[in-house]
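Undergrad: Quick one: structure below, then a few questions.
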């Protein structure tokens, strides 16, 4: 049995973030499907991994972790010699990568997650999209992506010249939004568009999408 176990559903943006990192690192792992409708994420066995009852839950031997970004950082550091390196340059470059990881978590994700829910997920559940929330958050995302456009005019990727977690963490929400009217916000900015093309074309991300289809 693999020492690494990831608990969740591949459709979750947080779970997909961890899955992508595991695939980038070419690690063996066991994926444990959590049936949210059946409330498996609220059962004692799962709460022992994530006491908040939210996915993902992660185990590596006797280590138990939750919070997707903390998990991806652990994987990148613990398995630094495997697969994709997720780093380049010196400590100053590492600091810049860290800044853009924070930008994703605090500037991009809160807005992108709201749009993902309204535009991509609500229609799947037969719920009505709130156009006022969409309008407000498209305007907010446009401002964020203006900053990205400026940054990506100077650097192929957000953190440095190579692909890092700062880029990877964006993938799940971007994927959902590319299937909605919000796609125009990415397409209308040439450097952002080229960056999106580069990160979504990665083989590790294709494996996540394949797993989503398989579980679907």
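Undergrad: Among 104-112, 163-171, how do they line up by average Cβ neighbours within 10 Å per residue, starting with the highest?
TA: 163-171, 104-112
Undergrad: Restricting to Cα pairs below 8 Å that are 6+ residues apart, what does the relative contact order work out to for the chain? Please round to a whole percent.
TA: 23 percent
Undergrad: Hey, of [x] 19.2, 78; [y] 17.3, 49; [z] 16.0, 47, which did the structure itself give for Rg and Dmax of the Cα atoms in Å when calculated?
TA: [y]
Undergrad: Continuing with the same structure: Please compute, over every Cα-Cα pair in the range 91-203, the percentage with a separation greater than 21 angstrom.
TA: 33 percent
Undergrad: Scattering from the C-alpha atoms of the range 140-180 alone, worked out with Debye: what is log10 I(q)/I(0) at q = 0.14, 0.15, 0.17, 0.34 1/Å?
TA: -0.34, -0.39, -0.51, -1.09
Undergrad: What FRET efficiency do you get for residue 74 and residue 48 if R0 is 25 Å and r is their Cβ-Cβ distance, rounded to the nearest 0.05?
TA: Given R0 = 25 Å and the Cβ-Cβ separation, E is 0.85.
Undergrad: Could I ask something else about it? For the chain, what is the calculated [θ] at 222 nm in deg cm²/dmol (nearest 500), taking -39500 (n - 2.57) for each run of four or more DSSP H residues and dividing by its residue count?
TA: Helices in the chain give a 222 nm mean residue ellipticity of -15000 deg cm²/dmol.
Undergrad: Here's another thing I want to ask about it. Can you give the convex hull volume of the alpha carbon atoms of the range 159-211 per residue, in Å³?
TA: Dividing the Cα hull volume of the range 159-211 by its residue count gives 78 Å³.
Undergrad: Turning to a different aspect of this structure: Hey, can you rank 7-16, 133-142 by average C-beta count inside 10 Å, highest first?
TA: 7-16, 133-142
Undergrad: When the distances between all Cα atoms of the range 112-154 are binned every 5 Å from zero, what whole-number percent does each bin get?
TA: 5, 22, 25, 17, 13, 10, 6, 2, 0
Undergrad: Where the centroid of each part is defined by its Cα atoms, how far is the range 48-65 from the range 160-210 in Å?
TA: The two parts, judged by their Cα centres, are 27 Å apart.
Undergrad: Now for a different question. To the nearest whole percent, what portion of all C-alpha pairs in the range 1-110 is separated by more than 22 angstrom?
TA: When every Cα pair of the range 1-110 is considered, 35 percent fall beyond 22 Å.
Undergrad: How high is the relative contact order of the range 4-84, given as a whole-number percent (alpha carbon pairs under 8 Å, six or more residues apart)?
TA: So the answer I get is 37 percent.
Readers should treat all values here as calculations from the given coordinates under stated rules, not as data from a laboratory. None of these values were measured; they are calculated from a predicted model. Glycine gets a Cβ as well: all are built from the backbone with ideal geometry, and neighbour counts include every protein chain shown.
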